[in-house]
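This report refers to the structure that appears directly beneath it.
The values are calculated or read from the model by the stated rules, or taken from the named source; none is laboratory data. Keep in mind that this is a model prediction, so the values were computed, not measured. No Cβ is skipped: glycine too gets one built from the backbone with ideal geometry, and neighbour counts run over all protein chains shown. Ligands, DNA and RNA are stripped out before the accessible areas are found, and what is left, the full protein with its side chains, is counted by its heavy atoms. Shrake-Rupley method; radii C 1.70, N 1.55, O 1.52, S 1.80 Å.
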Amino acid sequence: MSAKLAKSIVDKELSMDDGIELVEFDFFGGEPFLEFETIREVVEYTVQKEYNKDYIFFITTNGALLNDEIKEWLKAHTDVLQVGLSLDGTKEMHDINRCGSFDKIDLEFFKTVYPEESVKMTISKETLGNLAEGVIFAQDLGYEVSCNLAYGIDWDCEE
């Protein structure tokens, strides 16, 4: 989505007189930080305007692309932006589901900047047998855990 289109959606939603007092804009699917410049442009555009509604931006990420520039920008916008981490359990579980990216995640950043956010754990056939271990691992790190089954898998088969 272009920044221009995203800004027009923000303007429309936040200007509408529909009885809704808080609007949440979500960036997710694939990896949102591949489009960091667009996200930054849309958020900064929004905070410079005045609307009759409150709003929050929410980003779901695997955390692998967060560099120092992005982290500093995120910290500066915690009043209007929350970030949720996809963490699929232990290092072994996460690396199975997410192409060996566990070591790229700054877990301390997420815990420090977004302490109230839970992690999203996606369960695949390959990690299902370690579900309890993965949840315990994330909880021991101090996170609440929200689990969901991976999409596109036939979960009805006997195995």
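Things worth noting here:
- Residue within the stretch 107-123 that is at pLDDT 95 or above, of a type outside the set (F, W, Y), open to solvent by less than 20 Å² (accessible area, probe 1.4 Å) and part of a loop (DSSP other than H, G, I, E, B) present: no
- Set G129, G84, G134: member being open to solvent by less than 20 Å² (accessible area, probe 1.4 Å) and either in contact with a Gly (Cβ under 6 Å, 6 or more places away or on another chain) or in a helix (DSSP H, G or I) (or both): G134
- Applying the condition of being in contact with a Phe, Trp or Tyr (Cβ under 6 Å, 6 or more places away or on another chain) and charged (D, E, K, R) to the stretch 80-127 and asking which residue is nearest to E144 (Cα to Cα) yields K91.
- Evaluated against (1) open to solvent by 10 Å² or more (accessible area, probe 1.4 Å); (2) at pLDDT 95 or above; (3) on the phi > 0 side of the Ramachandran plot, G89 falls short on exactly one condition, (1).
- Helices (runs of 4 or more DSSP H) contained entirely in the stretch 1-79, each with at least 2 residues that are open to solvent by less than 70 Å² (accessible area, probe 1.4 Å) and among the charged types (D, E, K, R): 3-15, 36-47
- Qualifying residues in the stretch 25-54 (those that are of a type in the set (F, W, Y) and touching a Leu at 6+ places or on another chain (Cβ under 6 Å)) - the one farthest from T112 (Cα to Cα): Y51
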